[in-house]
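A quick write-up on the structure given underneath.
Derivation of every value follows stated rules applied to the coordinates shown; laboratory data play no part. Values in this document were obtained by computation on a predicted structure and should not be read as measured data. Don't worry about glycine lacking a Cβ; one is built from the backbone with ideal geometry, like all the others, and counts go over all protein chains shown.
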Amino acid sequence: MLWNVSDGSRALYSAAVLFMLISVFCGFLLPQVVRFVVDNVVRGLPVYDIPVIPNILVLLGVERTTESLRKNIEAAGVVVLAIAAFGGICGYLYQRMLAQGAEGLILRLRSRLFSHIQSLPYEWHIAIQTGDIVQRCTSDVEIIRNFLFTQLIEIVRAVAFVFFAYVMLFRVDVPLSLASFVFLLVIFLYSFLFLRANADRFLPVDEAEGQLLAVAQENFTGVRVVRAFGREAYEVGRFGRQNEIYADLWVKLGNMLSTFWGVGDFLTGMQMITICAFGAIRASSGNITVGEFMVFLTYNSMIIWPVRGLGRVLSEASKARASLGRLVEILGSPAESDPPGAIETPISGGIEFDGVSFSYGDTPVLRDISFSIRQGTTLGILGTTGSGKTTVAHLLCGLYNLEEGCGEIRIDGININRYKRRWLRQNIGIVLQEPFLYSRTIGENIASLTPGRSPDELREAAAVARVDDAIMKFPQGYNTLVGERGVTLSGGQKQRVAIARAVLNSPPIMIFDDSLSAVDAETDAKIRAALARRAGSATTIIISHRMTSLSGADTVIVMEDGRIAEMGGPAELLARDGIYRRISDMQRIVESEISEAED
């Protein structure tokens, strides 16, 4: 998945690995200079068995004799500087390319994640918590970034250290090299097996962090409700309980890692003591030279900590694997797609529901409902909570798919599944009871569906929604920032701004899902009258509990328990002794009692 996001970043990352290997090799050449000076210059041993450093000196004009080497001892210093300088340049290029390559990969991973999330169906979004999505796109991506930037490169570095070191160590002394290698193998196997057995402990920590973020996000976005009902103490307790769960998981994880590090440190110490003792014995018995013993200790100390650190890297890699799995879960979720041959023909607005049934899981919501709306007319939908009113709107927008044999929804005589999803939704304007506003200006929110509109067009749409006067009372007018989720505005103002947004788009089908519930009856009537004039030939669906909002509809359907209990014009339904009339009578009595109380 990571390597498919960008060929350019992959090439940079691969080049960084190459320069890192060269830098490591240069680091391993430096102890050979020490060995050469001690054994072949100071002690005068033959130089034929150590070809690397003498050959470099020959290039500098120094003969391969002990006398010439002693007279030109400064040449060894030049070699050290040259090797160090070349290694430093390679190290610089390695770090530079690593940063560009790793950040390029993560940049494209973030973009791919966000883009894919936008394409996922509505069912996916309502099934997963927002805080969990945010945690995956931030914390999990950051864990993978750290893995690419440090841990993966450390694994390659450790392997390179071990390879280069033992190529040279086995040339020095095979028994001592075998003793060192056996200890390192034990340390590596211990690290690998221990962390593999405990790898599953990292996933619950990530999931608990997602739950903690979800609790915090719900509290911050619902701050007005929390304040209004004095729920601060409850929310603090709720966050505290989730925080304790998260902390307890980290404590358990820390206990596991403390055991890992403690045993690992013991094994590391035993390896170093054993090599020092065994090497001293080999040197004193003449099996290796003093210079070789010094080189061996240098190389052993150089590889012991990378191999020891490999345990830490493996533990972090387990976290990266868990995070990668959570991201793969998102990227592996099937995106919403158009059927083959999907069309974008102009939509007029004639709507038909033909024997539509729908369930949320095992819970039936709609049961064999059928109705039709002529283009340019208004349909009102009335019903109790849970009767399926909003589901009708969601199905019409294609947010849910009907299963085979569960009916058909047609617009202009064409099954909505034949339309391209984006085209279908562009031709349907929906205003919800709790509309979402961006943390931008009021003008930007109104024009968010149709950017580039003129100020006069914005004001015209706002006037239809009866919110222009309220906007102009703000010091900055249409340039007023509404705050996160529109907290600057009242509930009624938010609804009217959302209506203005839909009106500006001028779709052929408009749905108002109880979107006038927060405005008074007089404003409700004025908005509906203005909408009727503005919408013209648009087909309108009004979902409402307020009878006055439905009074101007051409047809009203009354829903009960997922079925259509009544259907007809408002006057026709009032003449019947049915649900519509009973609700109308109840609302009239309530309004009368409220009016008398105010008098």
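Taking a ≥ b ≥ c as the square roots of the eigenvalues of the Cα gyration tensor, an a/c ratio of 1.5 or more together with a/b larger than b/c marks segment 439-571 as prolate. The modelled label-to-label distance between THR130 and PHE436, using points 7 Å beyond Cα along the C-beta direction, is 0.8 nm.
On the basis of the beta-carbon distance and an R0 of 60 Å, PHE170 and VAL205 show a calculated FRET efficiency of 0.90. Between ILE273 and TYR360, what's the calculated FRET efficiency when r is the beta-carbon distance and R0 is 60 Å? Round to 0.05. Between ILE273 and TYR360 the formula returns 0.35.
Which of rounded, prolate or oblate describes segment 126-336 when judged by the alpha-carbon gyration tensor and an a/c cut-off of 1.5? In terms of gyration-tensor shape, prolate.
The fewest-to-most ranking of GLU522, GLU457, GLU566 by surrounding Cβ atoms within 10 Å reads GLU522, GLU457, GLU566.
Would you list VAL78, VAL251, VAL431 from fewest to most Cβ contacts within 10 Å? Could you put the intermediate results ahead of the total?
On the way: VAL78 14, VAL251 10, VAL431 22.
Lowest to highest Cβ neighbour count: VAL251, VAL78, VAL431.
Full extension of the segment from VAL182 to ALA233, taken as 0.36 nm per residue of separation minus the current Cα-Cα distance, would add 12.5 nm. Extension gain for the segment ARG418 to ILE343, taken as residue separation times 0.36 nm less the Cα-Cα distance, is 26.4 nm to one decimal.
In terms of its C-alpha gyration tensor, segment 433-506 comes out rounded, because the ratio a/c of the largest to the smallest axis stays below 1.5. Place +1 on the Cβ of every Lys and Arg and -1 on the Cβ of every Asp and Glu in segment 126-336, take the dipole about the Cα centre, and give the residue among SER285, LEU310, ILE126 whose Cα lies farthest towards its positive end. The listed residue farthest towards the positive side: SER285. In straight-distance terms, cross-link reach from LYS494 covers every one of the lysines whose alpha-carbon lies under 20 Å from its own, apart from those fewer than eight places away in the same chain; here that gives LYS473, LYS526. When +1 charges are put on Lys and Arg Cβ atoms and -1 charges on Asp and Glu Cβ atoms, the dipole computed for segment 234-342 relative to its Cα centre reaches about 360 debye.
Could you order peptides 387-394, 449-456, 523-530 by the average number of other Cβ atoms within 10 Å of their residues, highest first? Let's see the in-between values first.
Working: 387-394: 21.1, 449-456: 10.6, 523-530: 17.5.
Output ranking for 387-394, 449-456, 523-530: 387-394, 523-530, 449-456.
Here the peptides 261-272, 414-425 are ranked by packing, the mean other Cβ count within 10 Å, and the order with the highest first is 414-425, 261-272. Inter-label distance, ALA530 to SER14: 6.2 nm, where each label sits 7 Å from its Cα along the C-beta direction. I need the phi-derived Karplus couplings for segment 126-132: 6.51 cos²θ - 1.76 cosθ + 1.60, θ = phi - 60°, integer Hz, Gly and Pro marked x. So the Karplus estimates, Gly and Pro as x, are 7, 8, 10, 6, 4, x, 5 Hz. Residue exposure proxy: MET472, MET510, MET168, ordered by other Cβ atoms within 10 angstrom of their Cβ from fewest to most, comes out as MET472, MET168, MET510.
A full extension of the chain between LEU120 and SER285 corresponds to an added length of 52.2 nm, given 0.36 nm per residue minus the alpha carbon distance.
Once the other residues with Cβ under 14 Å from the Cβ of ILE373 are scored (Lys, Arg +1; Asp, Glu -1), what is the net sum? Intermediate results must be reported in sequence, preceding the final value.
On the way: positive: ARG374, ARG410; negative: GLU352, ASP354, ASP412, ASP554.
Here the count lands on -2.
Working from label points 7 Å from Cα in the Cα-to-Cβ sense, the HIS545 to ALA463 distance is 3.4 nm.
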